């Protein structure tokens, strides 16, 4: 199974990247850092079709499993990740062929916060988007960073999540 981790943080080397590195120790995966892409917000007139969104989507179609990793910003996914998800609308309205190719692919989501408590409803947009797009939702996990490092509990939880949810054959 060909896997890509999509990191959506305002810091390429922030706490979420520590979680991405741990995931990479558990599975073979490529990484896409949304911070390195220019992806404008969705507009109803599709004014930003010349940015990096469509090339990024075409790249993602080469993968069977997409693992979205985002920090928790104000009880929700990051703005960079939200822009990306909003732009999927372009693939449902004018680039429908891309949208159709998402059917049957797999998605998972991982959040990274500064506290162990998970925000209620945080993963609903991921789960519902997967369902709407005809993707298989493989699950989600909340992680956190304490004293600049993930705790052993986070590492153990992540290893279990990888074994149970990300090793699809």
Exactly one condition in (1) at pLDDT 95 or above; (2) surrounded by fewer than 17 Cβ atoms within 10 Å (Cβ to Cβ); (3) touching a strand residue (DSSP E or B) at 6+ places or on another chain (Cβ under 8 Å) is not met by residue 116; state its number.
(1)
Of all residues in the stretch 1-21 being surrounded by fewer than 17 Cβ atoms within 10 Å (Cβ to Cβ) and touching a helix residue (DSSP H, G or I) at 6+ places or on another chain (Cβ under 9 Å), which is nearest to residue 167 (Cα to Cα)?
1
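Taking the condition of being in contact with a strand residue (DSSP E or B) (Cβ under 6 Å, 6 or more places away or on another chain) and either within 19 Å of residue 24 (Cα to Cα) or surrounded by fewer than 21 Cβ atoms within 10 Å (Cβ to Cβ) (or both), how many residues in the stretch 71-90 meet it? Talk me through it step by step, then tell me what you get.
Our first condition is that a residue be in contact with a strand residue (DSSP E or B) (Cβ under 6 Å, 6 or more places away or on another chain); within the stretch 71-90, this holds for 71-72, 77-78, 81.
Still in the running and either within 19 Å of residue 24 (Cα to Cα) or surrounded by fewer than 21 Cβ atoms within 10 Å (Cβ to Cβ) (or both): 71.
Selection size over the stretch 71-90: 1.
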If we scan the stretch 35-55, do we find a residue that is touching a residue at least 12 places away in the same chain (Cβ under 8 Å) and within 21 Å of residue 136 (Cβ to Cβ)?
no
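Looking at the stretch 48-142, what helices (runs of 4 or more DSSP H) fall wholly within it and have at least 1 residues that are in contact with a helix residue (DSSP H, G or I) (Cβ under 9 Å, 6 or more places away or on another chain) and over 24 Å from residue 2 (Cβ atoms)? Steps first, please.
Numbers: elements: 53-60, 79-87, 90-93, 96-100, 124-133.
In the stretch 48-142, the matching helices (runs of 4 or more DSSP H) lie at 79-87, 90-93, 124-133.
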Does residue 164 satisfy the condition of being touching a residue at least 12 places away in the same chain (Cβ under 8 Å), farther than 19 Å from residue 20 by Cβ and more than 14 Å from the chain's Cα centre (by Cα)?
no
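Is there a residue in the stretch 26-33 that is farther than 13 Å from residue 6 by Cα and under 15 Å from the mean Cα position of the chain (by Cα)? If you could, list the steps in order and put the result at the bottom.
Start the filter on the stretch 26-33 by keeping residues that are farther than 13 Å from residue 6 by Cα, which leaves 26-28.
Narrowing the set further to residues that are under 15 Å from the mean Cα position of the chain (by Cα) leaves none.
Within the stretch 26-33, none of the residues are farther than 13 Å from residue 6 by Cα and under 15 Å from the mean Cα position of the chain (by Cα).
The values are calculated or read from the model by the stated rules, or taken from the named source; none is laboratory data. Keep in mind that this is a model prediction, so the values were computed, not measured. Backbone-built Cβ (ideal geometry, glycine too); neighbour counts: all protein chains shown.
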